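Below is one structure, written out as structure tokens, with a few remarks after it.
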Amino acid sequence: MSVAWIGSQPVSLMDAIQNAAKLLASSRCPVFTLDTDVHGTRSAIALIERLGGAYDHALGDVLAKEVTLFTDHGGMFTTPGEARRRSSLIILVGDIPAAHHDMLLSWAGTQPDLGDRGKRTWFHIHGEMNAAAKLARQLKAVSLGAEGLSLGGALAVLRAQLQDRQVARSLGGIEQFRKALAKSQFPVFVFSGTSGDAPGLAMLQGLIADLNRKGRASSVFLPADDDAWGTALTSLWMTGFPTRTGFSNSLPSYDPVRWDVQRMIRDKEADLHVWVSSRGGETPPRGGTAAVISLSRTEAPASGAAVTIAVGKPGVDHDGVAYSSRIGTFRALAATAPSPLPSVANIVRQLANSLPGRKALPC
Amino acid sequence: MLTRLVGGEVVDPVSGGTSQRDVWIRDGVLIDPPQGETAGETHDVSGCVVMAGAIDIHSHIGGGNVNTARLLMPEHHAAHLPRPANTPLSNAGWSTFQTGCLYAQMGFTTVVEPAMAPYTALHTHLELADIPIIDKATLAILGNDDFTLSLLRNGKSSAMLDDYVAWVVGSTRALGVKVINAGAAAAFKENVRSFSLDDTVPEYGISSRKIVKSLQASVTRLGIPHPLHVHCNNLGIAGSADTAADTIAATEGVPLHLAHLQFYGYGTEGKRKFSSEAARLAELVNANPDVSIDIGQVMFGQTVTISSDVMRQFTAIGNANPKKTVIMDGDGNGGGGIVPYRYKQDYYGSLQWAVGLELFLLITDPWRVYFTTDHPNGAPFTAYPELFELLMSSGARDAKSAELNTTALELTTLASVRREYTVEEIAIMTRAAPARLLGLKDRGHLGAGAIADIAVYRKGRDIAKMFREAALVFKNGDLVVKNGKVTHYRWGKTLRLNPPPDKAMVKRMKDYHDEHYGLSLDWFTFPDSAISRDEPFAEVKCNS
Ligand SMILES: [Zn+2]
């Protein structure tokens, strides 16, 4: 089985590394799309600093929205563990990604053992269109919404109604919600970057801040994608900044518009696109004039890529460390089906050693 | 490899005092001058002070809350000019990489991250492993988790608490235990908004005092070298000096370390009902040999406060500058608050600045007072050189005082205190004493057998400059800094205790996590290999 290709031709790993290193060394503006675990991300960022490149996550748009909630606003948060143990009132906010549904459904079978210890009740605040309707039904969540209102609009109405301000129209389910709120000592709003737009997420935090004036309330943030959030966190300690960061003269700068890698490719600012995906089944997007190096979990060359190198998936082919929203922090992953496929960090180190100067990376 | 430092003034209060003498290093370790051997490498350090590498016992350098602060404040470290980067990522402001370089350049070779939430230990250690050059260590937070509080409520045996503390310290790779506003984070989840030493946590009926005393006893019984590290109740509040005084009185013959005492040095006098009680607290510390403290000095400018004291951070939201904050009700001992803050040279800022200095100067025993800004809470650690100058020069204090709020300073004794720290006292406070407090016998002095962590400072009139740019720094014998610049990259270790886990406790932990979180214990623990560096940890022995 081949693990490295130049164009569509299978080659030795060494040849592919040499070829990719040449492309990296001659690139004027290399950009990286990352989609891997902590250690893959660490090594890639160390290489990107050396090259003077920029990086983003494969799910950069939704991740940027989640990052913006923090950089522009902040908020009050708790962990899934604390919500499971303490909250008798859980409010789903908009669309919650399918990856989190099992966890939320598992809470339905448990009873809080801390705080008010009340029987758990569920609500779902939403705009008109909602893909989370099935989850809400399974959880028997009471619907909080009104026709013609977006999620942000519904949150604004809810916030106003809870402050007893006049509203043009009321939310369905509001009286039931008031009663539930009066009984619960630690209501928790569960949201994700997919829940709504940035002002909507800020509005949610405003509502939670209101509730904390006299009582307690919090939110559980479930990232649109755990690995994407892990990449943002890793980027933060390595560079001081989240993803959508670029380096010039080894000085990082963070700019969610300037370093939006897909935009840079579209606008022909980038001349080389390094696609780093250990997720499996993902291929670099086509189009644009930038040459492509693909480090991905694949058995075939990526179509259109100048160089393709197969890598393993952390937690499957080799051990890894990834963000897990179930515990709200990083978790060590043991390989479930160990294979000889190299890790992203392994390939990135070889690339660095093949660059002029041959200096080892710091990680 | 044999290295010799020639002609320096060696300041080593533990081994040999102060004199002009040579320092010899063989293979990373200090040795007595060898007979009839020539050094492979000789450094002329005449005109310089030679000390052991400095040790910072309390600086928030890594982990979930520090990283959230980075996320909240990307603008805080955006505008720096690139310097030539001879080391990877060292231009990345507030990155782990820069942290290690900046500490090393000042001659610091060991730094303790004092607030590791046990459930986020892996995150903390991943960050620490990316801090180059220096050695690191962590204190595990306890005292707000349901497991501890339930043990105390249910009157379980002290042996069971010991087993639990030992399991947490061992599995999280900590060097000691910290308790933060004991019980308050649990109480805040039940909507309690203020919490003192004798207040009780709802549900458990356990007082904050009981938690502190139980953990203090457990740490002592387990032979954990570092005494329980206590972040008291009522941080930052006018009148908090009473809480600190009560906590100092609660040592009862057993060692206790009080963190960032400056933030508790406040009384309720004056028109603004916010005054200095530093002189009173200093007297209490002087009179109680079981207590040690660090200061948490305030210096002026923009910073971000990072604390696991979630109740206190929540009440500080109104003072956030800029207006954005993160408040986290974490699992067990996790969570906390991130509140950006600008220390202004106004009444409040001036008073806080003076309280810190009063404590530094009025506490007489340099073995029991530790040099910290509670980075970044009172100021970033990069303000250390200016702080050294303030301690060593009453003239520098007078000059700064002239810029500050007179009404505030008049409520302090600062102007009348003319003490100036000597170089020997600096060496005790920042080297010898921290090593002893943490149980690190291999450092903090320059005696034969110690690891060759050495800071060489060029003597000069500008004290801040002297400490900002060490002339030479050696870490384990490797020359890592020359003329204030990092010249060599290496990876330090994270120092940890390794008490053996009690089998019954591990079983109990498995059951507890399965029942209450629906997850197996391996979600919360990790192997050393997860850090992905060669030998990331070094073991420190417990007292027998
Ligand atoms: Zn602190």
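The values are calculated or read from the model by the stated rules, or taken from the named source; none is laboratory data. Since this is a predicted model, take the numbers as computed values, not measurements. Note: ideal-geometry Cβ built from the backbone for every residue, glycine included; neighbour counts use all protein chains shown. The protein model used for the area step is the full one, side chains on, heavy atoms only, and it has no ligands, DNA or RNA in it. Shrake-Rupley method; radii C 1.70, N 1.55, O 1.52, S 1.80 Å.
With the biggest extent put first, the Cα atoms of chain B measure 68, 58, 47 Å across the principal axes. Computed over the stretch A:270-363, the Cα gyration tensor eigenvalues convert (square root of 5λ each) into semi-axes of 24, 18, 14 Å, ordered from largest to smallest.
Cross-link partners of B:Lys485 among aspartates and glutamates, defined as those whose alpha carbon lies under 16 angstrom from its own and excluding same-chain residues fewer than eight positions apart: B:Glu469.
Counting only other chain Cβ atoms within 10 Å of each residue's Cβ, the peptide B:184-190 averages 3.
Which percent of the accessible area of the stretch B:55-438 is formed by carbon and sulfur heavy atoms (probe 1.4 angstrom)? That share works out to 53 percent.
Sequentially through the stretch B:453-461, phi angles give Karplus couplings (6.51, -1.76, 1.60; θ = phi - 60°) of 9, 9, 10, 10, 10, 6, 5, x, 6 Hz, Gly and Pro residues having no value and appearing as x. Of the Cα atoms belonging to the stretch B:420-466, the radius of gyration and Dmax stand at 12.1, 35 Å.
Proximity of backbone amide H atoms, modeled 1.01 Å from N, is registered between A:Gly53 and A:Phe247 at under 5 Å, excluding neighbours fewer than 5 places apart on the same chain.
Remark: accessible area buried at the B-A interface is about 5000 Å², both chains counted, probe radius 1.4 Å. Seen against the Cα atoms of chain A and their longest principal axis, helix A:60-72 is set at about 60 degrees.
State which entries of A:Lys22/B:Lys493; A:Lys214/B:Lys324; B:Lys136/B:Lys459; B:Lys156/B:Lys189; B:Lys210/B:Lys400; B:Lys210/B:Lys324 exceed 32 angstrom in Cα-Cα distance in the structure shown. Walk me through the intermediate numbers first.
Details: A:Lys22/B:Lys493 36 Å; A:Lys214/B:Lys324 20 Å; B:Lys136/B:Lys459 28 Å; B:Lys156/B:Lys189 24 Å; B:Lys210/B:Lys400 42 Å; B:Lys210/B:Lys324 35 Å.
Flagged as over cut-off: A:Lys22/B:Lys493; B:Lys210/B:Lys400; B:Lys210/B:Lys324.
Estimated from helices alone, the mean residue ellipticity of chain B at 222 nm is -9000 deg cm²/dmol (sum of -39500 (n - 2.57) over DSSP H runs with n ≥ 4, per residue). Label-to-label distance, B:Asp290 versus A:Arg358, with points set 7 angstrom from Cα along the beta-carbon direction: 6.2 nm. Roughly how tilted is helix A:13-26, in degrees to the nearest 10 and between 0 and 90, from the longest Cα axis of chain A? Around 80 degrees separate the two axes. With all pairs of separate Cα atoms included, the stretch B:174-305 yields a Kirkwood hydrodynamic radius of 15.5 Å. Modelled spin-label separation between A:Gln176 and A:Lys214, with each label point placed 7 Å from Cα along the Cα-to-Cβ direction: 2.4 nm. Among the trypsin sites (Lys or Arg not before Pro) in the stretch B:420-484, those placed in a DSSP loop whose Cβ has at most 10 other Cβ atoms within 10 Å are B:Arg461. Zone of B:Ser544 (label point 7 Å along Cα→Cβ, backbone N under 18 Å): which residues in the stretch B:435-456? The answer is B:439-442, whose backbone nitrogens lie closer than 18 Å to the label point. In terms of modelled amide H atoms, which long-range or inter-chain residues lie less than 5 Å from the amide H of B:Ala52? Close amide H contacts, sequence-distant or interchain: B:Ala455. Residues of the stretch A:213-246 that bury at least 30 Å² of accessible area once all protein chains are present, compared with their chain alone (1.4 Å probe, heavy atoms only, ligands and nucleic acids left out), are A:Arg216, A:Leu236, A:Trp237, A:Met238, A:Gly240, A:Phe241. Ranking B:Leu149, A:Leu162 by solvent-accessible area of protein heavy atoms (1.4 Å probe, all protein chains present), from largest to smallest, gives A:Leu162, B:Leu149.
For the segment A:248-257, counting C-beta atoms of other chains within 10 Å of every residue's C-beta and taking the mean gives 5.
So what is the accessible area of the protein assembly as shown per residue, in Å², with the probe set to 1.4 Å? Intermediate results must be reported in sequence, preceding the final value.
Details: 31650 Å² over 907 residues.
That works out to 35 Å² per residue.
With the alpha-carbon atoms of the stretch A:35-78 aligned to their principal axes, the span from lowest to highest coordinate is 36, 20, 16 Å, starting with the largest.
Rounded to two decimals, what ratio of Rg to Rh does chain A give with C-alpha atoms and a Kirkwood Rh?
Numbers: Rg = 23.0 Å, Rh = 22.0 Å.
Taking Rg over the Kirkwood Rh, I get 1.04.
For the protein assembly as shown, count all C-alpha to C-alpha pairs, find those more than 48 Å apart, and express that count as a whole percent of the total. Don't skip to the end; give the middle numbers.
Numbers: 93141 of 410871 pairs.
It works out to 23 percent of all Cα pairs.
Cross-link partners of B:Lys323 among aspartates and glutamates, defined as those whose alpha carbon lies under 18 angstrom from its own and excluding same-chain residues fewer than eight positions apart: A:Asp72, A:Asp210, B:Glu75. Note on B:Ala415 and B:Lys271: with the Förster distance fixed at 25 Å, the Cβ-Cβ geometry gives a FRET efficiency of about 0.80. Using θ = phi - 60° in the Karplus curve 6.51 cos²θ - 1.76 cosθ + 1.60, the 3J(HN,Hα) couplings for the stretch A:198-213 round to 4, x, x, 5, 5, 4, 4, 5, x, 4, 5, 4, 4, 4, 7, 4 Hz; x is entered for Gly and Pro. Could you run the Debye sum over the Cα atoms of the stretch A:29-139, one equal point scatterer each and no solvent, and tell me log10 of I(q)/I(0) at q = 0.12, 0.13 Å⁻¹, two decimals? Result of the Debye calculation: -0.64, -0.72.
For the stretch A:139-198, what value does the Rg/Rh ratio take when both radii are computed over Cα atoms and Rh is the Kirkwood radius, given to two decimals? Rg/Rh: 0.95. Of the trypsin sites (Lys or Arg not before Pro) found in the stretch A:250-346, the ones in coil according to DSSP and having at most 14 other Cβ atoms within 10 Å of their Cβ are A:Arg258, A:Lys268, A:Arg286. Evaluating 6.51 cos²θ - 1.76 cosθ + 1.60 at θ = phi - 60° for every residue in the stretch B:297-304, the Karplus couplings come out as 4, 8, 10, 8, x, 7, 8, 10 Hz, glycine and proline recorded as x. Ligands, DNA and RNA left out, the 1.4 Å accessible surface of the stretch A:67-221 is 52% carbon and sulfur atoms. Placing a label point 7 Å from the Cα of A:Arg169 along the Cα-to-Cβ direction, the residues of the stretch A:138-160 whose backbone N falls under 14 Å of that point are A:145-151, A:153-155, A:157-158. Considering only the Cα atoms of the stretch A:67-221, their convex hull presents on average a projected area of 8.3 nm². Remark on B:Leu497: its backbone amide H falls under 5 Å from those of B:Ala174, B:Leu175, B:Val540, a criterion applied only to residues 5 or more positions apart or on other chains, H modelled at 1.01 Å from N.
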